[in-house]
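Notes to accompany the following structure.
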Amino acid sequence: MKTTQPIYSRVLTHAGMWSGVISRGKTLRLTDLEGGANVGMLLYNADVPVERYNMPDTLKGQHIFRLRHPYCIHSDMGRLLASITADTVGWHDAACGCSDARLVEEKYGHHPYQTHRNDFYRNGRDCFLIELAKWGLGKRDLVPNINFFSKVTADDAGRLTFVPGNSKPDDYIDLRMELNTLVVLNTCPHPLDPDPEYHPRKVRLEVFPASGPVPADDPCRLSRPENERAMTNTENYIRLRY
């Protein structure tokens, strides 16, 4: 990014949730303010939301199990929703999904709104559904989500293990939007986090203005042949549609 001045900034606390349309070319920066954060995220083509983030294509197309710079986030229509242009963490989970009400109650106890008011324990699935409803979307539009700042490894038997302390205070990741993208996110704990205390961390969201067309030598474009093809598909889509 050529500018250090965001056009939008917000801090999420207490398992906060947020959604918004970020136009093509702008960059969303997520910053873990305390260390150990988790940001669950879904992404959709804001103009045609039947096109959305596709976890299998994102992972198999780039021959990866994790997300980091300079990887890209693929849609289910062969295009890119976003590219990871900067990243101080190096590992972001894309396989483990989100928590639901039953999991949160079993792990952390019964803390409903009726007795705990704004300190009640939220879960990732319900937070996604609340934000999706604001855009006319619902259960049928839920797909496997990304968990930024979280690390999960797999052994030879396929057993998954959450790695605590993956991100440190002020670690961040930058996502450049390749389409006009509806971003839906929350800061609920990762479903595999072994911490017995319900302790969502503070996360800052910042949006920076677009810095011009993606160059031919862009690291994200060139990181995989599949990314280059998807970037070309996206650029052709933009030319034809707009």
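Points to keep in mind about this one:
- Members of segment 45-57 that are among the hydrophobic types (A, V, I, L, M, F, W, C) and surrounded by 20 or more Cβ atoms within 10 Å (Cβ to Cβ): A46
- First in segment 1-21 and among the aromatic types (F, W, Y), second anywhere and modelled with pLDDT of 95 or more and surrounded by 13 or more Cβ atoms within 10 Å (Cβ to Cβ), Cβ under 6 Å, 6 or more apart: Y8/V207; W18/L185
- Residues of segment 1-27 classified as of a type outside the set (V, I, T), out of contact with any Lys or Arg (no Cβ under 8 Å at 6 or more places or on another chain) and in a strand (DSSP E or B), total: 2
- Top-ranked residue of segment 90-145 - restricted to ones that are of a type in the set (K, R) and surrounded by 13 or more Cβ atoms within 10 Å (Cβ to Cβ), ranked as nearest to L192 (Cα to Cα): K107
- Any hit, segment 71-89, residues being under 16 Å from the mean Cα position of the chain (by Cα), closer than 22 Å to I130 by Cβ, hydrophobic (A, V, I, L, M, F, W, C) and surrounded by fewer than 21 Cβ atoms within 10 Å (Cβ to Cβ): no
- Test: residue in segment 50-58 that is in contact with a Lys or Arg (Cβ under 8 Å, 6 or more places away or on another chain) and at pLDDT 95 or above: yes
- The number of residues in segment 153-194 being touching a Lys or Arg at 6+ places or on another chain (Cβ under 8 Å) and more than 22 Å from W18 (Cα to Cα) comes to 3.
- Residue, modelled with the lowest pLDDT, within segment 1-30, restricted to residues that are hydroxyl-bearing (S, T, Y) and surrounded by fewer than 22 Cβ atoms within 10 Å (Cβ to Cβ): T3
- With respect to the conditions (1) under 26 Å from N233 (Cα atoms); (2) over 16 Å from the mean Cα position of the chain (by Cα); (3) crowded, with 18+ Cβ neighbours inside 10 Å, K60 falls short on a single one, namely (3).
The values are calculated or read from the model by the stated rules, or taken from the named source; none is laboratory data. Values in this document were obtained by computation on a predicted structure and should not be read as measured data. FYI the Cβ positions are ideal-geometry reconstructions off the backbone, even for glycines, and counts take in every protein chain you see.
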